[in-house]
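Any read-out appearing in this document is the output of simple, stated calculations on the displayed coordinates, not a laboratory observation. Predicted, not measured: the structure shown is a model, and the values here were computed from it. All Cβ positions, even for glycine, are placed from backbone atoms using ideal geometry, and neighbour counts span all protein chains on display.
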Protein chains: 2
Amino acid sequence: MPRRIDLDERREHLAQAVWTIIRERGIGAVSVRVVAAEAGVAVGSLRHVFPTRTELLQFSAELMLSRATDRIRSTPLSGDPEADALALLSHVLPLEPDSRAELEVNLALIAEAPAVPELVPIRDQTYQQLTAMCEGIVEMLAPERDAMTRTDEARRLYALVDGLALHLLMETPAADDGWAVRMLQGEIARIRA
Amino acid sequence: MPRRIDLDERREHLAQAVWTIIRERGIGAVSVRVVAAEAGVAVGSLRHVFPTRTELLQFSAELMLSRATDRIRSTPLSGDPEADALALLSHVLPLEPDSRAELEVNLALIAEAPAVPELVPIRDQTYQQLTAMCEGIVEMLAPERDAMTRTDEARRLYALVDGLALHLLMETPAADDGWAVRMLQGEIARIRA
DNA sequence: TGTTTGGTAGCACAGTCGTACTAGCAAGAG
DNA sequence: CTCTTGCTAGTACGACTGTGCTACCAAACA
């Protein structure tokens, strides 16, 4: 047996290189050579882990989704519905470098979807997962409401959150975040009432 | 003098070819050769009109912004604030093939911005223009409100509209649109109250 | 001590990229 | 008519693309 590497670790390392390149130079700059150089490995080594570019992109997208999922799942909950709702939804907004990068990469991957159809299921999965989270939040905030209006309320909440996220992304990272969080709080309070 | 072509018409024709390729094959497939083939001209002819790829993309983005602006500006207004607000905002949602294509192309161009910095000002201009439109709508709906809460209300409205637009884009084009328009109506009524 | 084998490194190939360049065409000006 | 000139068409170039393939290294098993 030759020396063995930690495949998972290697894969994550390469995926992070993909993210870096997407954020700094756009999705168009993501080529096997550029990614290999960014990760500090030879092209042949990269291709030993990801035989094709598609598999590289696919894994990068999947890893980002699972990272976001983990981050949201590990949010400590206090029991106060409004505070917990805000804590959960804040993870979707690009308020910190991590979540900001996630959103940038996600947007780039969505735009690349026509060229790499394998990315579409991942995008859809993200969408459904966040939809489910919003439904859970609405149920937590207003359990007495009937199911249909709750579904609508969840869709509306999700749309607002995604819109806020998009607009925060447009502003410079250093600009003021307060208004977005304030709006989220207002919407949460409105759903509860 | 040799035969003269309508430069503006030619430019628009080429820009439309760009949009088609973005929608069908992704922004990564937009090369001078592919665009020329899609438009039915030789590469040399395309480069006579757009010397560089950047200028081609830049013009395509600018034309799309001005198309959207014209479409919104030419909306017939009835005088009823709520109906007019809905009419204006509906143009931002991807409810028809035109506005859907616009949004798809816009998203792709935003994602390409790191690679083509010239696209950033256009993106910002779009953002500011729609912000101004939302502020105008809020003023139309609730003129008695003070300026600060009106600004917040406009930001909120814009975020909701963009979020709805994004989510409509994810669903298949044939799927039901009703819920998004319903939510828009609800938000408009809420602002007025 | 070989021998096997997971991993590394890199060359080769056919194709595409953006752009520079030139030769030719066809229509209006003189 | 000829001349001028906006436009078209196509070639050429160096750089880059994804992927196939081989040679090589070094560690663990026999």
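Evaluated with a Cβ-only charge set (Lys, Arg +1; Asp, Glu -1), the protein assembly as shown carries a dipole of roughly 1320 debye about its Cα centre, given to the nearest 20. In this label model, B:GLN16 and B:GLU171 are separated by 3.0 nm, measuring between points 7 Å along each Cα→Cβ vector. This ranking places B:SER31, A:SER99 by how few other beta-carbon atoms lie within 10 Å of each, fewest first, which gives B:SER31, A:SER99. Here the protein assembly as shown has an Rg and Dmax of 22.5, 80 Å, counting Cα atoms alone. When every Cα-Cα distance of region A:7-192 is counted in 5 angstrom steps from zero, the calculated P(r) takes the values 1, 7, 16, 18, 17, 14, 10, 8, 5, 3, 1, 0 percent. Each Lys or Arg adds one and each Asp or Glu takes one away; over the other residues whose Cβ falls under 13 Å from the Cβ of B:VAL120, this sums to -4. Dipole magnitude for chain A: computed about the Cα centre from +1 point charges on Lys and Arg Cβ and -1 point charges on Asp and Glu Cβ, it is near 660 debye. Residues A:GLU104, B:GLU24, B:GLU139, arranged from fewest to most other Cβ atoms within 10 angstrom of their Cβ, appear as B:GLU24, B:GLU139, A:GLU104.
With contributions of -39500 (n - 2.57) from each DSSP H run of at least four residues, the per-residue ellipticity at 222 nm computed over chain A stands at -24500 deg cm²/dmol. Label-to-label distance, B:GLU96 versus A:ILE5, with points set 7 angstrom from Cα along the beta-carbon direction: 5.4 nm. Net charge of the neighbourhood of A:ALA174, taken over other residues with C-beta under 15 Å away and scored Lys/Arg +1, Asp/Glu -1, is -3. The fewest-to-most ranking of A:VAL34, A:VAL92 by surrounding Cβ atoms within 10 Å reads A:VAL34, A:VAL92.
Return the FRET efficiency for the residue pair A:ALA83, B:ARG23: r is the Cβ-Cβ distance, R0 is 35 Å, and the value is rounded to the nearest 0.05. After rounding to 0.05, the efficiency reads 0.25.
The residue list A:VAL181, A:LEU14, B:THR52 was ranked by how far each Cα lies along the charge dipole of the protein assembly as shown toward its positive end, using unit charges on Cβ atoms, and B:THR52 comes out on top. Taking each residue as 0.36 nm, the span from B:ASP70 to B:ALA193 lengthens on full extension beyond its C-alpha to C-alpha distance by 41.3 nm.
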